[in-house]
Structures are given as C-alpha cells and as structure tokens.
Amino acid sequence: MAQKNYKKIPQNVNFASLEQEIIDFWKANHSFEKSIDQRPLENVYTFYDGPPFITGSPHHGSLLPSIAKDVIPRFWTMKGKRVRRVWGWDCHGLPTENKVEEKLGLKTKKDIETIGIRRYIDECYAYVKNVSQEWEWYIDHIGRWVDFNNSYKTMDLKYMESVMWAFSQLYKKDLIYKSRRTSLYCPRCATPLSNFEIAMDNSYRMVEDPAISIKFKLTDSDAFILAWTTTPWTLPGNLALAIDQDQDYVKVDLNGEHLILAKSRLDSVLTGQNYRVIEEFKGSKLVGKSYEPLYRFFETGPNDYKIYNADLVSMEEGTGVVHIAPGFGDEDFNLGKLLNLSIIDHVDDEGKIIDQVAPFAGLFVKKADPVVIEELTSRHLLFKVEKITHSYPFCYRCGTPLIYKSQTAWYLRVSQLKPGMKETNEAINWIPDHIKHGRFGQGIETAPDWCLSRSRYWASPIPVWECSCGFRFVPESIQELETKSGQKITNLHKPEIDEVVVKCHQCGKDIHRVPEVLDCWFESGSMPYAQIHYPFENKEQFNKEFPADYIIEYIAQTRGWFYTLHVLANGLFGSASFKNCIVTGVIMGTDGRKMSKLYKNYPDPKMILQKYGAEALRLYFMGSVVMIGENINIDEKEIEDKVKNILLPLWNSFKYFLTYAQLNEWIPKREVIKSTNVLDLWILNKVNEFSQNFEQALTAYQIPNAVRLVQPFIEDLSRWYIRQSRDRFVNGDIDALQTLWLVLVQYSKTTAPLIPFITEYFWQTLVVPFDPKASESIHLESYPLVTTLNTSLSEAMGLVRQICEQGNMARKTQGISTRQPLASINVKTTNPNLLTSDLVNIIKNELNVKSVKVESADHLTVDLDTILTPDLIAEGDFRDLVRNIQVERKKMDMTLKDRIIVYAPDWPKTFESEILAKTQAESIRKADTFYITKV
Ligand SMILES: [Zn+2]
Ligand SMILES: [Zn+2]
C-alpha cells in the first residue's frame with residue numbers, strides 16, 4: 001500500500017457540516033448512480049416509491065418514510081442487488097385542485113367553469129412544478145438516495161396512457177360497471193368520494209344534529225304514524241316508511257290525536273305526556289298501508305308513500321319507524337331499488353336544494369334543516385325536535401360535511417376480487433404482522449365496490465366513449481384512440497380529451513367521452529406499471545420487477561395506497577403487488593395532538609437537520625416504535641440524545657484511533673496480523689456478532705431491532721475495549737491499532753445503510769487513502785460477511801465485566817479509592833473454566849488487586865479482601881501522589897517533555913524512584929504543602 005497520511009479531521013465535529021461535505025462528495029462523484037450501475041442487471045431488488053401528494057413542503061410525516069425508503073435499498077445494494085429508486089409525484093386530484101382554487105380564489109365548480117378549464121389546468125401544472133422544487137433540499141439533507149430528476153408524475157402522458165390501459169383491461173374483464181348508486185359526496189368539491197378515502201385519515205367528527213319526529217297521516221284513518229330522522233333536509237325526498245313487522249306497535253291517544261309508534265319506544269318518545277294506549281298490534285298490520293306525502297313536488301309511482309317492512313329498523317333510537325329517501329342513503333337506496341320506489345334527487349351538485357322544491361330552493365342542505373323544521377311546524381306535522389350528537393363524515397380536503405347522494409358513477413367490482421385479494425394477502429410479509437389479518441385483511445372483508453369516478457377536472461379521464469344507443473368504446477392505448485377518432489392525441493387531460501370524437505360502431509353517430517374523471521387513487525395504485533409505461537414499453541423490466549420486494553408508508557395507507565395497489569394488481573395480474581410492507585405509525589406533536597403550525601407543537605424539520613444533522617434524526621426515527629406501526633409524540637430531546645449517546649462516542653473512538661495511529665506513524669496494512677490479545681479477539685468477535693445481528697434484523701425488515709444494537713456496541717467499544725487497552729495504544733501496540741482500525745471499518749460497513757454520512761467519512765479517512773483497490777464510496781462496498789462467531793469468548797468477557805462491575809461497586813460502597821491496591825478478590829462462579837489467565841489479568845488491572853482466586857459455586861459471588869497492610873497503603877499513597885502530580889502538570893500547561901521538581905510533606909520512600917520515573921521529575925523534596933515547579 002502507498003504510504004499516505006490520514007486526512008485532517010476537525011477538532012470539534014459538527015455533524016451537519018460533515019454531512020454537507022458528504023452530500024457534495026456524492027453528487028460530484030455520482031455515487032448514487034454508480035451504486036445502481038455497478039450491480040448486475042439480473043440481480044434485481046424492487047422498491048416502489050409511494051408517490052406523495054404534491055402539496056406543501058415536507059414535514060416529519062413525510063421524512064420518516066423517506067428515511068426508511070433509503071435504509072433498506074442501501075442495505076440491499078451492499079448485498080449485491082440492483083435497486084432502482086425513482087421518485088414519484090401524485091399530481092392529480094383534489095389536493096392539487098384545492099390549492100389552485102385557494103390561489104385563484106375559486107369557491108365553486110361554477111367559478112372554475114367561468115375562468116375556463118384550460119386556465120385552471122394550466123395553473124395545476126404550474127403548481128406541481130413549484131412544489132416539487134421545494135422537496136429537493138430535504139431529500140438531499142436526510143441522506144436519501146433517489147432519482148429525483150427523472151421522477152415520474154401521474155400527470156405525464158405516458159403514465160396516463162398506462163392508466164388508460166389498466167382501466168380498459170379491467171373493463172374488458174367485466175370488473176368495471178356504471179351504476180346509479182348512493183355514495184359519500186362532498187358538496188363543496190362536488191364529487192363523490194370513496195369510503196376508504198374517508199376512513200383513511202379518520203375524517204369522522206362528533207357533531208350535533210337535529211333529531212326530529214314527524215307526523216305522517218295514514219290515508220285510511222285519521223291516525224298519524226310517527227317517523228324519525230336526523231337529516232330533515234332529506235324529507236322532500238321521502239318515498240316510504242319502514243317498520244319492523246315482528247315488533248309490537250301501539251296506537252295512542254294524546255290530547256285527542258291518534259299516534260302510531262313502536263311499543264318499546266313509547267317511554268322515550270312520549271316521556272311525561274299524558275297519553276292512553278288504544279290499541280296494540282304487530283308491525284305486520286301496518287305493512288302495505290299508504291300515507292299522505294309531506295310534499296308533492298315530483299311525480300311518483302304506485303309503490304311510493306307506503307309502509308314497508310325492513311331489517312334496517314332499530315329499536316334503540318327514534319320511533320321504530322324510519323323515513324326512507326332513496327336518493328340519500330346507502331340503505332335507503334338499496335331498499336328503494338328492492339321495492340321499485342322512485343328516486344327523488346332534490347339536491348344539486350353543490351349540495352343546494354333545487355328550484356323545484358320551492359320553500360327551500362337554493363339552501364345548502366345543512367342550512368335547510370331549520371327551515372324544513374319551521375315549515376313542518378307551521379303545518380302541525382312536526383311532533384318533536386331534539387338534538388343528537390353523533391359521528392359524522394367530513395371531506396378530508398376541504399372540511400365540508402359530506403352527504404350521501406345518489407348519482408351515476410363508475411365502480412370497480414371489488415366484491416368479485418375479494419377471494420383473490422385475501423389469498424394473495426397471505427403471502428405478504430407485513431411489519432407489524434398483525435396488519436395482515438387486522439387492518440388490511442379486515443379492510444378487504446368489508447370493502448364495498450370502489451367508486452372510481454369523480455366529477456372533477458385535474459385527473460386522468462374515465463376513458464369511455466358512450467353512445468345513446470348503448471354502445472361503449474373503451475380504448476386501451478393512445479394509438480387505438482387516434483385510429484378510431486382520426487385525431488392526433490397529445491394530451492389526455494381535460495379539456496383536450498373531451499374534444500376527441502369517435503363514431504359509434506352500432507349506429508354511426510358521433511360519440512363523446514363520458515364527463516367523469518378517474519379517482520387519483522386509481523393512478524397511485526397503478527404506479528408499478530404506469531411509472532415505466534408498461535405495457536407499451538419495458539415489458540421485460542416489468543416482469544422482472546413485479547411484484548415489489550419492499551414498500552413502506554404509514555398506517556392509513558392500509559385503506560389507501562396499499563389497498564389500491566392490491567386491488568389493481570389482483571384485478572390485472574391475479575397477484576399481490578408487494579412482498580414486504582412496513583407500516584409506520586403516525587408522528588404526533590409534542591403534546592400528543594396532530595402536528596400543526598397552529599399549535600406550534602413540533603420542532604421545525606429544517607432546523608432539526610441543520611442543528612443535529614440527518615443522522616440523529618435517522619437514528620431516532622428508525623429506532624422508534626413508529627417503525628412498527630405505533631404512534632409517537634415527536635421529542636427533540638431524543639434526537640439530541642442520539643448525538644450525545646451514539647454519534648459523539650463513535651466520533652471520539654474514531655478520533656482516538658487517529659490520534660495514536662498518527663503519533664505512532666501506523667497506517668493500515670493489507671496483510672492482517674493475527675493478534676492473540678484476548679481483548680482484541682473479544683472486540684473483533686463482538687463486531688462480528690454485531691454485523692450478523694444487524695444484518696438479520698434488516699433482512700427481516702425489523703429496522704428498530706437493528707438500531708437497538710448500535711448504542712450497546714459503541715459502549716462495548718469505547719467504555720470497555722478502548723479503556724482496557726489504553727496503555728497499549730499509548731505505547732503504539734500494532735495489534736491494538738490494527739484491531740481498532742478493523743473494528744471501525746467493519747462497523748462502518750455494517751451501519752452504512754442506517755448512518756450513511758459518518759460511515760462514509762470514516763471510509764474516506766481510514767481506508768480510501770491507503771488502499772487503491774478500495775471502493776471510492778463505502779456504499780459501493782459489499783456488506784460484511786460473517787461466518788463464525790466465538791460464543792464462549794463473548795460469554796467469558798461478559799463474566800469478567802460482571803465481576804468487575806460488582807468489585808467496583810464493593811469498593812464504592814466501602815469508600816475505598818480505585819487507586820488503593822487491595823490484596824485479593826475471591827470470585828465464585830458457575831463457570832470457573834471460562835476465566836483464563838488473560839482474563840484474570842484484566843480483572844486484576846480493572847479492580848487493582850494483587851491476586852484473583854477463582855472457585856466453583858452455583859451462582860456468582862465477588863468478595864474483595866479489604867484489609868490494608870502497610871505495603872498496600874504505601875502503594876496507594878504512591879498512586880495518589882502520581883495522579884496529583886499529573887493533574888498539577890496539566891493545570892500548569894506542561895507537556896510530557898517538561899522536567900519538574902516535586903515538593904511534598906511526605907511520600908512512600910520505597911516508591912521514590914518509581915515516582916520520579918512516572919512523572920518525569922528530577923527530584924522530590926520535603927515541604928509543608930504539595931506543589932511542583934518547572935526545572
Ligand atoms: Zn370537499
Ligand atoms: Zn350508437
């Protein structure tokens with residue numbers, strides 16, 4: 001090896017600036033690109049990047065998965081795999097649209113149409129471009145290696161073509177259908193939403209609503225039947241009443257008026273009222289009776305305004321009679337379909353009551369509630385108004401209360417895919433594993449068909465051209481669409497796509513695309529093929545890379561991205577989409593609430609990266625239970641602790657090595673000398689043990705288990721190995737220097753995926769200058785391969801440390817200074833054979849005893865002989881004096897070369913020559929007090 005010097009390292013380390021130096025080094029040397037290119041094409045490991053919504057700047061919740069998206073791919077790269085990592089952006093959908101609306105001051109869908117869809121779409125493009133630039137600084141400074149420049153975007157033409165292909169394939173398999181159904185609907189965004197979107201971030205809140213009982217007059221008598229609802233605004237849509245035919249109902253007389261309700265609800269509905277039961281009967285007696293409608297704004301059919309039996313009737317609340325409005329509720333809609341009722345939809349796209357319903361026209365549904373109550377009161381049809389507090393869904397983007405609304409939409413037949421989805425879920429390795437049959441498995445069980453269409457703008461189109469004769473054209477490629485339309489297609493977005501006209505195959509009419517666009521979750525779920533424009537390009541690559549080896553996101557994605565990946569992969573390929581999936585918890589604010597700028601309850605991520613550096617944050621996040629699905633409250637103190645307890649001791653061990661390597665002019669040699677020193681053997685074995693355990697934990701995707709090993713190992717190294725070997729380093733012992741070098745290098749390679757900066761720095765200092773064959777970056781190296789471990793040496797040193805700990809404790813409790821030599825120590829242990837003479841010497845040194853007696857027993861005991869002979873006292877005094885002299889020298893800023901004269905009232909004469917030798921003193925003279933002078 002070439003004779004070179006160690007590079008100069010800073011006296012006081014600043015981790016953030018050290019990291020900046022490494023970031024620049026990687027960029028200048030294209031280290032990331034090389035880490036992929038240098039690995040064989042056929043040895044692929046696939047990672048899918050879950051595209052973040054392109055909104056705002058990154059926060060802790062987006063940095064956490066980003067770090068984990070770096071650790072595992074770096075690890076597999078060092079294990080020889082080729083790990084392509086390309087950034088992705090989820091550009092479409094409400095998140096972007098709402099930001100653009102905010103910017104342009106648009107309040108409703110009509111406002112958008114007023115400024116023009118062209119202008120609106122252009123603003124969406126511009127927004128995406130600005131935001132993506134903000135992220136780059138963070139990605140660099142958390143140390144994430146990812147191809148940012150070639151990021152795929154869900155708005156790219158190629159991406160959208162693959163999405164169109166996926167839709168057409170599912171359509172051809174009869175997995176997509178159009179249907180009028182009710183679903184959750186945001187009146188502000190004027191679009192249906194899917195159940196899982198609402199479930200994802202827990203968009204339910206407790207709210208207070210009116211709960212009213214209304215009188216419906218029976219046509220065949222003068223009695224009223226009492227029905228109950230918490231949504232008065234739906235009453236103009238009432239078409240039926242539902243009862244339970246097996247329950248008992250009663251007719252009562254209240255102040256001369258006859259009312260019908262469930263017997264078991266009497267007490268709560270008529271509390272404190274002076275009523276009389278006239279008649280009692282089974283609900284079946286009511287079935288088929290007609291009643292007078294509350295309103296007559298619409299034409300209706302022969303089955304409407306009747307009483308029906310239904311199993312949705314509860315005896316826990318209300319009157320035991322349920323008001324049915326098939327336009328506004330899932331159960332109502334299904335019942336309406338079953339009974340062949342009409343559908344009244346008296347609410348427009350923006351959640352306002354339509355003009356036909358004159359008394360409430362133009363009112364937003366929730367605002368109509370009190371007006372409906374007032375109007376019914378004036379006609380003496382309202383029986384009772386109460387308040388109810390219940391959980392109610394809100395739009396996750398704009399916060400508007402959602403309603404159930406029936407409309408025509410496109411659905412994916414999840415019901416049909418369920419058996420396959422359950423089966424392919426079995427093979428997925430979930431971390432934590434309870435997700436498999438818990439959140440994810442149960443999510444599959446209960447999943448409704450997926451409402452795929454949105455009545456919005458900035459999205460992939462629903463690629464269906466529909467004719468009034470019933471014919472549909474669903475192209476699977478741009479080329480097919482070009483052939484059929486004779487038009488050149490360069491953009492699949494609105495408004496361009498809506499100008500594409502094709503001829504109907506059946507009747508020859510010109511036909512247009514349906515107005516809806518696609519749920520953006522369909523697009524993120526399509527990323528495995530759409531990111532590489534499959535099947536139009538990269539077929540072979542896709543076959544090799546699908547399904548992914550690894551993905552990671554937070555727990556809500558069990559209802560979001562994890563779910564849509566799984567549905568679509570099963571629908572298209574009959575396969576799971578990923579093999580290993582880490583599910584993180586949520587990082588909450590310091591006070592346990594959601595992190596919010598308003599509450600100021602979290603440390604700014606940029607400040608954290610600039611103050612402590614990325615590696616402290618990486619150690620904190622990756623070592624935390626948030627990596628196994630649990631929530632944590634962010635704690636800056638813990639980040640600081642990672643610097644204090646891990647990074648600084650590690651840095652100091654590195655610095656310690658450099659100090660003595662340079663003092664003794666030792667440089668790394670290729671031929672490794674085999675040390676026989678027991679401490680060397682022990683720490684080398686220890687680092688092997690560390691590498692093996694660390695590797696096993698990462699292979700199992702148990703990242704916190706790997707991180708947990710780091711601090712104990714650094715303590716072994718600095719507090720035991722280096723401390724016990726000080727004299728050898730001072731004396732330039734080659735075995736010790738080489739051992740420490742080997743340990744630091746292997747440690748660095750092992751932890752490089754976790755703490756990529758400091759390990760790169762060590763590599764550049766300890767290896768690269770001396771070995772022309774070394775990789776130019778540690779991340780281009782191979783992961784350390786450990787074959788054999790010496791478990792009995794580990795065990796023996798463990799025993800030594802236990803004995804020393806107990807011995808030191810005994811000294812402390814008896815108030816005997818560590819510098820006072822003692823005659824002996826008596827050790828009884830179950831395993832006396834472990835204590836070889838080398839190890840006994842370590843005990844002697846550490847505990848400052850003249851001899852160690854080892855005896856066999858059934859448990860460990862340590863007895864110090866504390867009798868002090870005059871000789872032992874003299875030796876103790878000698879050691880105290882030497883120490884005092886050294887302290888004094890240091891105080892007077894003297895170097896080891898400065899000669900001195902020592903003055904003292906007394907000193908052990910038998911040790912005089914040793915005192916002079918140990919302290920570079922010329923002589924020692926009697927004086928009243930202790931002091932030293934320079935010669
Ligand atoms: Zn909304
Ligand atoms: Zn036609």
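Dipole orientation for the chain: of the candidates L860, Y48, Q479, L860 has the Cα lying most toward the positive pole (charges on Cβ; Lys, Arg +1; Asp, Glu -1).
How far is helix 414-426 tilted off the main Cα axis of the chain, in degrees rounded to 10, range 0 to 90? That helix lies at roughly 20 degrees to the long axis. For the range 201-326, DSSP calls about 75 percent of its internal beta bridges antiparallel. Peptides 429-437, 237-245, 706-714, ordered by how many other C-beta atoms sit within 10 Å of their residues on average, highest first, read 237-245, 706-714, 429-437.
The mean sequence distance of close C-alpha pairs (under 8 Å, at least 6 residues apart), as a share of the length of the range 223-331, puts its relative contact order at 44 percent.
Pairs exceeding a 24 Å alpha-carbon distance, out of K606/K642; K110/K509; K103/K129; K637/K891; K282/K405: K110/K509; K637/K891; K282/K405. For trypsin sites (Lys or Arg not before Pro), the sites in the range 361-430 that DSSP calls loop and that have at most 10 other Cβ atoms within 10 Å are R379.
For K773 and T408, a Förster radius of 51 Å and the Cβ-Cβ distance give a FRET efficiency of 0.15, rounded to the nearest 0.05. Helix 15-29 axis versus longest C-alpha principal axis of the chain: approximately 80°, rounded to the nearest ten. In degrees, nearest 10, range 0 to 90: what is the angle between the Cα axis of helix 791-814 and the longest Cα principal axis of the chain? So the inclination is approximately 70 degrees. Assuming charge only on the beta carbon of Lys and Arg (+1) and of Asp and Glu (-1), the dipole of the range 63-151 about its Cα centre is about 520 debye to the nearest 20. Estimated from helical segments only, the mean residue ellipticity of the chain at 222 nm is -12000 deg cm²/dmol, where each DSSP H run of four or more residues counts as -39500 (n - 2.57).
Along the axis of the charge dipole computed for the chain (Cβ charges of +1 for Lys and Arg, -1 for Asp and Glu, origin at the Cα centre), the listed residues I344, H566, F383 are led at the positive end by H566.
With the highest mean first, a sort of the peptides 836-844, 528-536, 342-350, 501-509 on other beta-carbon atoms found within 10 angstrom per residue produces 528-536, 342-350, 836-844, 501-509. Across the range 756-842, C-alpha contacts under 8 Å between residues 6 or more apart give a mean separation that, scaled by the residue count, equals a relative contact order of 23 percent. Compactness ratio for the range 376-435: Cα radius of gyration over 2.2 N^0.38 Å (N = residue count) comes to 2.08.
Only the Cβ atoms of Lys and Arg (+1) and of Asp and Glu (-1) were treated as charged; on that basis the dipole of the range 403-481 about its Cα centre amounts to roughly 320 debye.
For the range 657-704, applying the loop criterion from DSSP together with a ceiling of 13 other beta carbons within 10 Å to the GluC sites (Glu not before Pro) yields E665, E671. Diffusion of the range 758-910 by Stokes-Einstein, at 4 °C in a medium of 1.567 mPa s and with Rh set to the Kirkwood radius over alpha-carbon pairs, works out to 65 µm²/s. For the chain, taking the reciprocal of the average inverse distance between every pair of different Cα atoms yields a Kirkwood hydrodynamic radius of 34.0 Å. Surface composition of the chain: carbon plus sulfur atoms hold 48% of the accessible area, using a 1.4 angstrom probe and ignoring ligands, DNA and RNA. Over the range 693-767, the Kirkwood radius and the radius of gyration, each from Cα atoms, give a ratio Rg/Rh of 1.03. Of the beta bridges in the chain, as assigned by DSSP with both residues counted there, near 65 percent are antiparallel. For the range 621-692, the Kirkwood radius over C-alpha pairs fed into Stokes-Einstein at 20 °C and 1.002 mPa s yields D = 135 µm² per second. Find the centroid of the Cα atoms in the range 558-629 and in the range 733-764, then give the distance between the two in whole Å. Centre-to-centre (Cα) distance: 30 Å. The charge dipole of the range 29-99, taken about its Cα centre with unit charges on the Cβ atoms of Lys, Arg (+1), Asp and Glu (-1) only, comes to about 320 debye. The mean accessible area for residues of the chain, using a 1.4 Å probe and ignoring ligands and nucleic acids, is 43 Å² per residue. Each of M595, A28, A199 was placed along the dipole of the chain (beta-carbon charges, centred on the mean Cα), and the one lying farthest toward the positive end is A28. For the chain, relative contact order (Cα pairs under 8 Å, six or more residues apart, normalised by length) works out to 13 percent.
The values are calculated or read from the model by the stated rules, or taken from the named source; none is laboratory data. Here the structure is a predicted model, which is why all the values come from computation and not from measurement. Methodologically, a virtual Cβ is constructed for each residue, glycine included, from the backbone with ideal geometry; neighbour enumeration extends over all protein chains shown. Heads up: the accessible areas ignore ligands, DNA and RNA and are worked out on the full protein's heavy atoms, side chains in. Shrake-Rupley method; radii C 1.70, N 1.55, O 1.52, S 1.80 Å.
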